[in-house]
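Here is the structure we will look at.
Read the figures in this text as sums done on the coordinates, not as results from a lab. Note that the coordinates shown come from a computational prediction; the quantities given were computed from them, not determined experimentally. Ideal geometry is used to build each Cβ from the backbone, glycine not excepted, and the neighbour counts take in all protein chains shown.
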Amino acid sequence: MPKKVIVIGSGPGGYPAALRLKELGADVSIVEAWDFGGTCLNRGCIPSKAFLDTGHRVHAFEGLRRLLKDGSGVNFSPEMLDWEKVKARRADVILKLRGSLEKLFQAKKIEVIRGRASFSAHHEVTITGPDGKTEKRTFDAAILAAGTRPSFPPPFRDFHAELTDSDRVFDLPKLPKSLLIVGGGVIGLEFACFFNAIGVKVEVLELLPDILAGEDPQVTRAVRTSFEKRGVKFHFGKKTASIKTGPGLKTLELEDGSKLQAEEILVGAGRAADLTGMGLEALSLAWDRRGVKVNDRMQTVVPEVYAVGDVNGLSLLAHSASRQGEIAAENIMGGDQAFDDSIVPKCVYAWPEVGSVGLNKAQAEAKGITVKTARAFYLGIGKAVATDETEGFAQLVFKADDETVLGAQLVGGPATELIHLMALAVKLKLRKKELRQIIYAHPTMAEAVHEALQR
Ligand SMILES: Cc1cc2nc3c(=O)[nH]c(=O)nc-3n(C[C@H](O)[C@H](O)[C@H](O)COP(=O)(O)OP(=O)(O)OC[C@H]3O[C@@H](n4cnc5c(N)ncnc54)[C@H](O)[C@@H]3O)c2cc1C
């Protein structure tokens, strides 16, 4: 008899797990309470990139006007954008991708169950369908891939309906003239970049002293400076004391007595697993504020139950979720795989783009490793100058003694694509001299990496 496996959640953690399980011969069912494809496809990675691409095209128009000096023939301005059409483009992209995913599941003959799953006993889930009817299913193994929801910490919690978040911002009925974003993490910055590009006045409020917590200070400075040049205003180290909504502008009163006002406020203060009603107590699963506890094989304290993706809180990224899903699938089917978080690329899809992998200088030094860094700016790279993409740099981190590549931070250009070259170098523990043997095509943005290797 094939192993019976239930996957809960069809986001980038759940669906690759189901596909891999099927490939390995399991009898697999996937349960989804909401939209197939999860946060990533419906309210996250994909719609935000569709928005960002619209914004980037506007930004490119502005750049063209500047490059052609008097801007003759380039008569577009952000105010000419139709917000309804921007939203419609995003919806088209989602429908296309969701349709392909659903077809793939049909083709692979994977059972898709619509409903909300909850563990009701060991080896058993109860699924409540959209019509309210319940059904019990037994399993040999289960993968929980239930994701996260936007967090609304106090005092924002009491104003959930009056403020927006990363789920609802995609459907704002009207484009606001001004937007205040609470949170200077990746999600907050990507929305800041997009809304600024399409002509909205954007301010970002961050509790910490800088954006992109944990990122190298050279990277955050470059991104901050670029955003500020385009008119985004940052407020750091300030806590919100109270909130006023109502007709007209919405107001945040800060603990230092100052006030920030905007037509719309987007709370991007992180994400957290919503584990209520999942029946975790029925199995005595262990969880904390970050999510369901797992080992590096993605196994919970209950050996036949695995938890992958955002729900375990290890790395709130779609590609981590997918890798963890595949690892759980393989381990259920007798494999022995562990999640290696040292080579997870961390990307910001704004402009300038950011891609970082492995250790930065501070992280290496915190581990007691003596490092050397080398940096090359795009200003000196032919392709960058020819295409007016001179913002940013490639920064490489090497072990001081034998020059093994430990990490890289890329800002600007196609950083989110180029970072894979560096992920390979970190994974294979390549040394500087080996990376230098690669021939870098000319003219390319990758030459910034080559240039840094000469330093
Ligand atoms: C605006 C935004 C932009 C982002 N951009 C990026 C990006 O560019 N790159 C990147 O790597 N990451 C990005 N992320 C993060 C990424 O979306 C998540 O890391 C990823 O979706 C996590 O995948 P998951 O499968 O763990 O969870 P999810 O994608 O959240 O999927 C979980 C699914 O489980 C379902 N579910 C929950 N409970 C149940 C239940 N009881 N029964 C049945 N189904 C259930 C949910 O309905 C959901 O469909 C972004 C996030 C946001 C919000």
Evaluate the range 354-362: report whether one residue or more is surrounded by fewer than 17 Cβ atoms within 10 Å (Cβ to Cβ) and either of a type outside the set (S, T, Y) or part of a loop (DSSP other than H, G, I, E, B) (or both). yes
Name the residues in the range 328-350 that are surrounded by fewer than 22 Cβ atoms within 10 Å (Cβ to Cβ) and either at positive phi or of a type in the set (A, V, I, L, M, F, W, C) (or both), would you? M333, G334, A338, F339, I343, V344, C347
Answer yes or no as to whether G199 is part of a loop (DSSP other than H, G, I, E, B) and touching an Asp or Glu at 6+ places or on another chain (Cβ under 9 Å). yes
For the subset of the range 297-322 comprising residues that are in a loop (DSSP other than H, G, I, E, B) and within 11 Å of the ligand (Cβ to nearest atom), which member is nearest to the chain's Cα centre (by Cα)? L317
Is one or more of the residues making up the range 272-281 in a helix (DSSP H, G or I) and either touching a residue at least 60 places away in the same chain (Cβ under 8 Å) or more than 19 Å from the chain's Cα centre (by Cα) (or both)? yes
Checking T128 against (1) within 9 Å of the ligand (Cβ to nearest atom); (2) polar (S, T, N, Q); (3) within 30 Å of E304 (Cβ to Cβ); (4) touching a residue at least 60 places away in the same chain (Cβ under 8 Å), which single condition isn't satisfied? (4)
Going by what's in this entry, would A91 be described as more than 11 Å from the ligand (Cβ to nearest atom), closer than 27 Å to A197 by Cβ and among the small types (G, A, S)? yes
Taking G325, is it crowded, with 20+ Cβ neighbours inside 10 Å and either more than 10 Å from the ligand (Cβ to nearest atom) or in a loop (DSSP other than H, G, I, E, B) (or both)? no
Condition check: in contact (Cβ under 8 Å) with a residue 24 or more places away in the chain and away from the ligand (no atom under 16 Å from the Cβ). Does E102 satisfy that? no
Return the residues of the range 50-102 that are more than 28 Å from the chain's Cα centre (by Cα) and hydrophobic (A, V, I, L, M, F, W, C); say none if nothing qualifies. L64, L67, L68, V74, F76, M80
